């Protein structure tokens, strides 16, 4: 994200005051709106020259400048009303004719022809077909060259002292540079603000994407159009379900249902982060977590076991604080897993395989307040945890299975056991 705008804030604020941008403009129209900075400046210059030419006695140019001021007022009105094509066409016509008339009356030394450069800038700020801008620029270049050769070959219609012409030339040159700088600075200011807004939106999108998908998967999804599917030879999966919540939900308001789930699952999310797990999804009042996915880790069973114990302890703590009687039924299994991203809308990083199905069965065939694990997970945990053999359970879709209840950790957490994936 950009640290700061390239345009100082006082200058940016002054430009916004001078030519405020209507909120309903498209990005292209906002860039083009820079001409509203140019137009009032040009009109102001013409007002000054009404008096100057009157002082010099060139009354024809005073009258011409009065007409020019009226045209510039019309140009500003056209731009403010969105008639940008008409405003730009009138601008090109006014500057071209005015420059030619001033050169005709007081000569090349006055410097009026330099305003044609400002018109060229306007042409390329305009959202026209570039061929039109190039064509009009060629015409203005021809006019500039033509005025130069005319001034060489013909004396001006009015006589003005050389010192006055030199002073006017310096003023005009400086004014043209100021107009061009202002016209360029304004779209740069708009671009800076647009880039800041885009960067902030990008950060929000990144944060949202990383809330939906694991960070490593989100990066892969952004940089690849290929299907994301990974095979993990060994990982651990956990399902946790709030016991009796379906019945409870029927007796309380929808707002209370969502409030309870949000409070409990938000705390589960914190535990996921603390223990370096990967939250996969919530299914109603069930919560699914994995370890060793999407970044493999050898201690996946240990890490998920410690998470399961912390989750159960957290629910007990919640009950003590709130006076609730919530219970969770937790099931775990370890083994090979397939993981990937599915869908085109509201896509999801999900897991498949017998390991996942068996973990879900460990939860559904479990006991409230207990953590039931399979023999596969039991083997990975070894003697680092206290486990109580439940015996053989007839598991739906699996048949008789020997299962265990995880009760506590027998040894302190090893160094790095809580590091995230």
Exercise. Filter the range 252-265 for residues that are in a loop (DSSP other than H, G, I, E, B) and either closer than 23 Å to residue 320 by Cβ or outside the structural domain of residue 306 (by TED's automatic domain parsing) (or both) and give the result.
Key: 252
Quiz item: Any residue in the range 266-274 that is under 14 Å from residue 330 (Cβ atoms), part of a strand (DSSP E or B) and at pLDDT 90 or above?
Solution: no
Quiz item: If we keep just the residues of the range 144-161 that are more than 21 Å from residue 59 (Cβ to Cβ), out of contact with any helix residue (DSSP H, G or I) (no Cβ under 6 Å at 6 or more places or on another chain) and in contact (Cβ under 8 Å) with a residue 24 or more places away in the chain, which is surrounded by the fewest Cβ atoms within 10 Å (Cβ to Cβ)?
Solution: 152
Quiz item: Quick one: residue 274 ticks every box in (1) surrounded by 15 or more Cβ atoms within 10 Å (Cβ to Cβ); (2) touching a residue at least 60 places away in the same chain (Cβ under 8 Å); (3) more than 22 Å from residue 249 (Cβ to Cβ) bar one, so which box is it?
Solution: (1)
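Check 96, 133 and return the single one that is part of a helix (DSSP H, G or I), at pLDDT 90 or above and within 26 Å of residue 181 (Cβ to Cβ). Please lay out each step first, then the result.
Working: 133 fails: at pLDDT 90 or above.
Testing whether each residue is part of a helix (DSSP H, G or I), at pLDDT 90 or above and within 26 Å of residue 181 (Cβ to Cβ) leaves just 96.
Could you tell me whether the range 296-308 includes any residue that is in the same structural domain as residue 367 (by TED's automatic domain parsing) and over 16 Å from residue 237 (Cα atoms)?
No, there is no match, as no residue in the range 296-308 is in the same structural domain as residue 367 (by TED's automatic domain parsing) and over 16 Å from residue 237 (Cα atoms).
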Quiz item: For residue 61, are the conditions met, namely being under 38 Å from the mean Cα position of the chain (by Cα), surrounded by 17 or more Cβ atoms within 10 Å (Cβ to Cβ), in a helix (DSSP H, G or I) and touching a residue at least 12 places away in the same chain (Cβ under 8 Å)?
Solution: no
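How about the range 318-410: which strands (runs of 3 or more DSSP E) wholly inside it have at least 2 residues that are over 22 Å from residue 234 (Cα atoms) and touching a helix residue (DSSP H, G or I) at 6+ places or on another chain (Cβ under 6 Å)?
Numbers: elements: 328-342, 348-352, 371-374, 385-395, 399-409.
By residue number, 328-342.
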Quiz item: Out of (1) modelled with pLDDT of 75 or more; (2) under 38 Å from the mean Cα position of the chain (by Cα); (3) over 30 Å from residue 111 (Cβ atoms), the odd one out for residue 228 is which?
Solution: (1)
Exercise. Would you check if residue 121 is at pLDDT 90 or above and either assigned to a helix (DSSP H, G or I) or closer than 15 Å to residue 49 by Cα (or both)?
Key: no
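The values are calculated or read from the model by the stated rules, or taken from the named source; none is laboratory data. Nothing here was measured: the structure is a model prediction, and the numbers come from that model. In this analysis, Cβ positions are derived from the backbone assuming ideal geometry, glycine residues included, and neighbour counts consider all displayed protein chains.
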